[in-house]
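Encoded as structure tokens, the structure appears first; notes follow it.
Each reported figure results from applying straightforward, stated rules to the coordinates on display, with no laboratory input. Note that the coordinates shown come from a computational prediction; the quantities given were computed from them, not determined experimentally. Cβ coordinates were reconstructed from backbone atoms using ideal geometry, including for glycine residues, and neighbour counts include every protein chain displayed.
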Amino acid sequence: MAGIEGKKVLAIVTNYGIEQDELVVPVEKLKEAGAEVTIAAVEKDTIKTLVGDKDPGKDVEADIALSDADASDYDALLIAGGTINADTLRTEEKATDLVKAFAGAGKTIAAICHAPWVLVEAGVLQGKTLTSFASVQTDVRNAGGSWVGESVKVCPTEGWTLITSRDPDDLGDFVPAIVDALG
């Protein structure tokens, strides 16, 4: 997979509770395709991932603190899932401000699994069609979005592109959709 040389992607997470493959796989594959990926965590420190929301996963180092991230420096935003990560990340004002800034600038946002909770909190789902982990669908609808149960949903309406998937099993569709949007 190649073709997005020079594109910059910002991945935002907390420092604990990220579903391992929903961060590690997209970051690795986007880098292989030529993108420069920066991981911003609440603290510029070790990120403790989980597998299945309970088992310890790989540790990943944050490149920058969330507070140092600026949407104008990037072409796309990636939000990894994991129940704990997404539920905590949506309480971080800087995370929701970044979502609003990316959407407002017409940039691509990619969110997987529980990550659409951050989009719900940011108030950017009005008129968007998306997917997520099934338990998030009521929140999506209550926030003005339309929910579908598909492996990947690309929605270019409302002036910006939203790419969403349901869970780690959908990464094979999710990552290529991000590459296509950036290509």
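When Trp160 is tested against (1) of a type outside the set (A, V, I, L, M); (2) surrounded by fewer than 19 Cβ atoms within 10 Å (Cβ to Cβ); (3) in contact with a Cys (Cβ under 6 Å, 6 or more places away or on another chain), exactly one condition is not met: (3). Could you please let me know if Thr96 is under 16 Å from the mean Cα position of the chain (by Cα), of a type outside the set (Phe, Trp, Tyr) and in a loop (DSSP other than H, G, I, E, B)? It is false that Thr96 is under 16 Å from the mean Cα position of the chain (by Cα), of a type outside the set (Phe, Trp, Tyr) and in a loop (DSSP other than H, G, I, E, B). Just one of the listed residues (Val37, Val24) is part of a helix (DSSP H, G or I) and within 15 Å of the chain's Cα centre (by Cα), namely Val24. The set of residues from the range 47-85 being of a type in the set (Ser, Thr, Tyr), more than 16 Å from Leu171 (Cβ to Cβ) and touching a Phe, Trp or Tyr at 6+ places or on another chain (Cβ under 9 Å) comprises Tyr74, Thr83. Using the structure shown, decide if Lys48 is of a type in the set (Lys, Arg) and touching an Asp or Glu at 6+ places or on another chain (Cβ under 7 Å). Against the criterion (of a type in the set (Lys, Arg) and touching an Asp or Glu at 6+ places or on another chain (Cβ under 7 Å)), Lys48 qualifies. Screening the range 58-93 for residues that are under 19 Å from Ile163 (Cα atoms) and among the hydroxyl-bearing types (Ser, Thr, Tyr) and picking the one that is surrounded by the fewest Cβ atoms within 10 Å (Cβ to Cβ) gives Thr83. Restricting Leu50, Leu66 to those that are among the hydrophobic types (A, V, I, L, M, F, W, C) and within 14 Å of the chain's Cα centre (by Cα) reduces the list to Leu66.
Candidates in the range 94-126 are the residues that are more than 24 Å from Val179 (Cβ to Cβ) and charged (D, E, K, R); of these, the one that is surrounded by the most Cβ atoms within 10 Å (Cβ to Cβ) is Glu121. Residues in the range 1-57 that are surrounded by 14 or more Cβ atoms within 10 Å (Cβ to Cβ) and of a type in the set (S, T, N, Q) were compared, and the one that is nearest to Thr164 (Cα to Cα) is Gln20. Of the residues Ser135, Ser146, Ser165, the single one that is under 20 Å from Glu22 (Cβ atoms) and in contact with a strand residue (DSSP E or B) (Cβ under 6 Å, 6 or more places away or on another chain) is Ser165.
Exactly one residue out of Leu89, Leu30, Leu78 is within 14 Å of the chain's Cα centre (by Cα) and farther than 14 Å from Cys113 by Cβ, and it is Leu30.
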